[in-house]
Amino acid sequence: MKRLLFTMIVLMVCVLGKAQDTIIVSLDLPGSLETTIAQIDENAKYNTASLKVQGPLNGQDMMFIREMCGVLGLNTKTQGVLSVLDLADAEIMPSDEPYMSVYGIDYTSHVNEFGPFFLYNCDNLTELTLPQGISVIDTMAFAGCSNLKELELPGTLHEIGMGAFINCNKIQRLIVPDGVTELGIGAFQRMEALEELTLGNGISEIENSIVVMDNSLRIINLGFRFLTFNPVVFYNTPTLEQLNVDENNPYYVSVDGVLFSSSLDTLVTYPPAYPAEHYVIPEDVHTLAPYSFYNASLLQSVDLAAVNVVDTMAFFQCTALENVTGGEALTTIRFGAFGVIMGEEPALAAFHLPASLSNLDGGAFYGNYMISPDIDSDNPYYTTDENGLLYTKDFTKLCFVPGLTESFSLPETVTTIGEYAFTGTLALPEIYLPDHVTTICDGAFAFALGTEVIVLGNNINKVGTQVIDYCVSLKDLYLFTQDIPDDNLAEYSFLDESGTTMEQCVLHVMPGRTETYLMKKGFYSEGYEMFFFADIAEIDSPDKIRQVVTQQQMKIPAYYGIDGTRRQKLQKGLNIISLPEGNIKLGVR
């Protein structure tokens with residue numbers, strides 16, 4: 001009698017709900033939703049557009065709701081049309097029976113957890129009210145709900161799982177409650193309409209992929225416990241205009257949407273789409289943190305004011321940046337600080353290096369082929385020559401070659417080619433290092449995109465790692481030295497990650513040294529059992545070549561073959577050219 005009465009009440013409520021275009025279902029037992037819906041109307045499963053569920057639900061009920069939303073399993077479409085779902089008065093209960101299997105992993109429901117893949121790919125949903133008691137939104141729970149317009153997260157929530165909101169493309173604002181202390185990898189990735197994200201006071205750390213490809217995100221609000229982050233998290237959001245932090249945060253402060261350390265002596269993050277073409281760094285700021293201005297797309301000029309340190313990649317990929325002023329207090333510029341991605345067109349063509357500068361990392365202007373640094377004559381550490389090449393003050397180390405340099409000769413005092421010295425050069429078809437050069441540092445010729453031939457002199461005895469990385473035009477590398485000690489050779493000295501050297505570049509070595517370099521550290525990887533060059537060949541008549549490259553008395557250009565024989569003109573292939581002023585270079589026809 002009680003069961004009959006209960007059924008009649010449920011049917012009456014459901015009929016009332018149906019008349020109002022919403023079916024309201026009250027459940028006593030988890031797992032009974034499908035049966036109860038069928039009692040209302042055998043066609044209700046696929047005809048219901050709006051549903052309110054009260055009482056206990058488990059994973060099997062959620063899978064039935066998925067079918068009502070138009071999805072069976074992960075991706076199979078059904079005829080379901082459910083678009084409005086109200087679970088405010090529902091409660092998630094446990095079940096031992098799997099509700100979903102993904103790549104061989106079975107998932108079961110748990111108390112107060114919105115489980116993995118619960119509403120995955122339910123793209124019919126436009127409105128959703130969550131159960132008020134849930135504590136976890138698990139992996140991919142809402143991923144692919146591409147038409148869901150808004151979602152209020154309950155205060156009981158403490159964890160959001162990996163990829164939970166991927167491709168929720170209609171949600172414009174999302175507030176993460178203060179109780180949430182854990183955010184999974186990529187929790188809010190690819191939310192195309194998301195404009196503002198508020199992370200509550202429980203979040204102390206965010207990892208680098210949390211908002212990747214959120215190309216409408218303008219504002220991120222951070223709580224008072226926010227402490228650590230990977231800088232990538234912000235430069236991966238190209239539309240970001242403001243970073244705001246709770247005024248009670250002891251670690252950071254936000255000034256007009258720019259993030260600083262609490263002491264205001266370090267600029268931490270300048271949002272990539274900050275709406276300013278010119279920015280004056282406050283005079284209290286002495287350090288620009290790593291990646292601080294990375295990809296600041298609108299920034300055209302900056303005043304460094306009292307800055308001492310421009311840290312790693314600070315202005316990297318600021319392709320609109322034309323003018324840098326101030327900076328008379330600069331002491332340190334780190335790797336990539338004013339660099340660009342290879343192939344991008346930079347705007348910054350001039351840069352003044354003050355007398356105070358004492359630490360300039362190799363690769364500070366990585367890939368910026370337009371830039372030609374101007375050094376204060378009173379600087380005791382660095383200087384330039386008439387061609388704009390940058391050296392240490394004693395002319396023993398070549399630090400930087402401007403990208404548009406067409407030719408040059410090295411002073412006889414130079415013994416070292418610095419880290420990433422030729423990175424970004426476009427106009428040098430050949431590079432010749434004379435015998436007084438003994439050391440080649442990490443990445444020295446990396447990304448020298450226009451270079452086809454490199455000749456290393458007779459006394460090279462130390463080579464860093466990946467010195468010809470991404471030299472995509474390189475056809476020939478000549479090595480005149482008889483040997484390089486293993487202790488002075490990096491494991492991957494001549495590795496090119498683009499793979500072009502293995503496809504097209506020939507290594508030319510002294511007679512009798514072919515076998516040595518076939519299995520030598522730096523030229524061959526024992527772990528991967530691969531040689532880094534397309535082929536290895538002996539240099540013919542090296543003594544004649546040495547005579548040619550050391551001649552100084554010629555008054556007109558003279559042309560020689562690689563075997564040292566005199567030619568009347570440039571011929572097809574590699575040519576040695578002796579210039580009137582005594583310089584020697586290689587030419588390829």
Given the conditions (1) surrounded by fewer than 21 Cβ atoms within 10 Å (Cβ to Cβ); (2) among the hydrophobic types (A, V, I, L, M, F, W, C); (3) in a loop (DSSP other than H, G, I, E, B), and given that Phe338 satisfies all but one, which numbered condition is not satisfied?
-> (1)
Write out, first by first residue and then by second, each pair whose Cβ atoms fall under 8 Å of each other, whose residues are 6+ apart or on separate chains, and whose first residue, in segment 163-183, is charged (D, E, K, R) while the second is outside any loop (DSSP other than H, G, I, E, B) and modelled with pLDDT of 95 or more.
-> Arg173/Glu196; Arg173/Leu197; Arg173/Thr198; Glu182/Glu159; Glu182/Ile160
Considering only residues of segment 349-381 that are out of contact with any Ser or Thr (no Cβ under 6 Å at 6 or more places or on another chain) and hydroxyl-bearing (Ser, Thr, Tyr), which is modelled with the highest pLDDT?
-> Ser377
Of all residues in segment 370-385, which are surrounded by fewer than 17 Cβ atoms within 10 Å (Cβ to Cβ) and touching a Phe, Trp or Tyr at 6+ places or on another chain (Cβ under 8 Å)?
-> Asp374, Asp385
Within segment 202-241, tally of residues that are within 12 Å of Ala273 (Cβ to Cβ), open to solvent by 10 Å² or more (accessible area, probe 1.4 Å), not in a loop (DSSP other than H, G, I, E, B) and not β-branched (Val, Ile, Thr) = 1
Restricting attention to segment 312-333, which residues are over 14 Å from His286 (Cα atoms) and touching a strand residue (DSSP E or B) at 6+ places or on another chain (Cβ under 8 Å)?
-> Phe315, Leu321, Glu322, Asn323, Val324, Thr325
Scanning segment 100-119 residue by residue, those crowded, with 22+ Cβ neighbours inside 10 Å and either of a type in the set (A, V, I, L, M, F, W, C) or touching a helix residue (DSSP H, G or I) at 6+ places or on another chain (Cβ under 8 Å) (or both) turn out to be Ser109, Phe114, Gly115, Phe117, Phe118, Leu119
Number of the condition not met by Leu299 [criteria: (1) open to solvent by 50 Å² or more (accessible area, probe 1.4 Å); (2) under 15 Å from Phe338 (Cα atoms); (3) among the hydrophobic types (A, V, I, L, M, F, W, C)] | (1)
If you go through segment 132-157 one residue at a time, how many are within 11 Å of Lys170 (Cα to Cα), aliphatic (A, V, I, L, M) and open to solvent by less than 10 Å² (accessible area, probe 1.4 Å)?
-> 1
Selection from segment 347-369 of residues that are in a strand (DSSP E or B), crowded, with 17+ Cβ neighbours inside 10 Å and aliphatic (A, V, I, L, M) | Leu353, Leu360
Tell me, yes or no, whether segment 520-533 has at least one residue that is of a type in the set (Phe, Trp, Tyr) and in a strand (DSSP E or B).
-> yes
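The values are calculated or read from the model by the stated rules, or taken from the named source; none is laboratory data. In this text the structure is predicted, and so the values were computed from the model without any measurement. Positions of Cβ are generated from backbone atoms using ideal geometry, with glycine treated the same way; all protein chains shown enter the neighbour counts. Protein only, heavy atoms only, side chains kept; ligands, DNA and RNA dropped before computing areas. Shrake-Rupley method; radii C 1.70, N 1.55, O 1.52, S 1.80 Å.
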